[in-house]
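Remarks on the structure that follows.
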Amino acid sequence: MTRDVYEYAVIRVVPRVERGELINAGVLLYCQSRGYLCARVELDAARLRALDPEADADAVRQALGAYELACGEKAGPLAGESLGGRFRWLTAPRSTIVQAGPVHAGLTRDPHTELARLFDKLVRL
């Protein structure tokens, strides 16, 4: 079975942008050759409170959920965009509480399994 190129970015929560401290809260993975775009997110509210006791965890969860929604069939304002276009829009640099980190690449036989592996390695403790 052949391996395909994929790109991914860690979805980060930066509760106080001016401090630059962050929590890895998800992974966004795109594999053009497989027509695959998916995000997996999970917020550790205790870690969020450790960085900013006043952070609104529900608002952060909603912002994280927008990444998952943008990858699906009901992608809201991104519905007309190609999967690659959505990935580029989602990984564009921004100075908000929820943001994507740098884009990295790799090879995989199964993008879904790779997303799970990256999520466990980069997000879960």
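Laboratory data are not the source of any read-out in this text; all were calculated from the coordinates shown. Only a predicted model underlies this, so the values are computations on that prediction, with no experimental measurement involved. Positions of Cβ are generated from backbone atoms using ideal geometry, with glycine treated the same way; all protein chains shown enter the neighbour counts.
Some points to look at:
- With the simple model of a label 7 Å out from the Cα in the direction of the Cβ, Asp120 to Thr2 spans 2.8 nm.
- Point-to-point label distance, Ala105-Ala59, nm (Cα→Cβ direction, 7 Å offset): 3.8 nm
- Shown here for the stretch 25-125: trypsin sites (Lys or Arg not before Pro) in loop regions (DSSP other than H, G, I, E, B) with at most 13 other Cβ atoms within 10 Å, namely Lys74, Arg94, Arg109, Arg124.
- On Cα atoms only, tilt of 111-122 relative to the major axis of the chain in degrees: 30 degrees
- A Förster radius of 35 Å, combined with the Cβ-Cβ distance separating Arg16 from Ser82, puts the computed FRET efficiency at roughly 0.50.
- As a length-normalised measure over Cα pairs under 8 Å and 6 or more apart, the relative contact order of the chain settles at 37 percent.
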